[in-house]
Amino acid sequence: MRLQALATAAVLALMAAACSAEKEAPAPAEAAASALTGRAAVYAAGEKDAEAFVRALYVAPPTASPDPAAAAVSPGRDPLYSRTLNALIGVDFREAQSRDEVPYLNYDPICACQDIDGFALKTVTMTPDGPQAATAEVVFTNHGRERRQTLKLVKEGPMWRIADIIDDKGKSLHDDLMAIAEKAEN
């Protein structure tokens, strides 16, 4: 009987040690998420919450360094943008292509730029607009100039996405692209 009690105590001690060891080491999923870079990190953050998504967008904007995932994205099929914004981007691209012109959206709307120099995120202020929508007021610097943008976010499926980007003058990317799409219909 005493031998059985000692064996049980030993098994419980080993289990407790194993449990505490598991808590000290990061879970494989956590370790993998922290090792992600580029778009993979943004996609993972987009599944976490709206603020994590926005911060990931501006930690390393898409034009900061070559990203194989970005190279595979075609106009109108970018997982960073909502279905509606993607549809509008697609129309803009196809309309410009049909006229052998440059599309309206010929820059990176996240940084409002063609290239990056000295890019730094300064602040992000989040406002929930319901369980599936949020607004992010973003302040960042690029090329030594402070910029402000408002991102309208929507949760589609498991991921937060950009539904609109409004610049510091109040100009809406969604509205500008919608005007192009409406003109294309006529």
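Potential lengthening of the chain between Glu185 and Glu156 amounts to 7.8 nm, from the contour at 0.36 nm per residue minus the alpha-carbon distance.
A protection proxy built from the mean count of other Cβ atoms within 10 Å ranks the segments 82-88, 39-45, most packed first, as 39-45, 82-88. Of the trypsin sites (Lys or Arg not before Pro) in the range 129-186, the ones in a loop by DSSP (not H, G, I, E or B) with at most 15 other beta carbons within 10 Å are Lys169, Lys171.
Hand me the GluC sites (Glu not before Pro) from the range 72-138 located in a DSSP loop with no more than 12 other Cβ atoms within 10 Å, in residue order please.
Glu101
When the accessible area of the range 128-186 is split by element with a 1.4 Å probe, what percent falls to carbon and sulfur? So the carbon and sulfur contribution to the accessible surface is 50 percent.
Classify the range 35-186 from the C-alpha gyration tensor, please: rounded if a/c falls under 1.5, else prolate or oblate depending on whether a/b exceeds b/c. Cα axes put the range 35-186 in the rounded bin. Here each label is just a point 7 Å from Cα along the line to Cβ, and for Gln132 and Arg99 those points are 3.5 nm apart.
The Tyr107 and Ala52 beta-carbon pair, evaluated with R₀ = 30 Å, returns a calculated FRET efficiency of approximately 0.75.
The values are calculated or read from the model by the stated rules, or taken from the named source; none is laboratory data. Just so it is clear, the model here is predicted, and its values are computed rather than measured. All Cβ positions, glycine included, derive from the backbone under ideal geometry; neighbour counts span all protein chains shown. Protein only, heavy atoms only, side chains kept; ligands, DNA and RNA dropped before computing areas. Shrake-Rupley method; radii C 1.70, N 1.55, O 1.52, S 1.80 Å.
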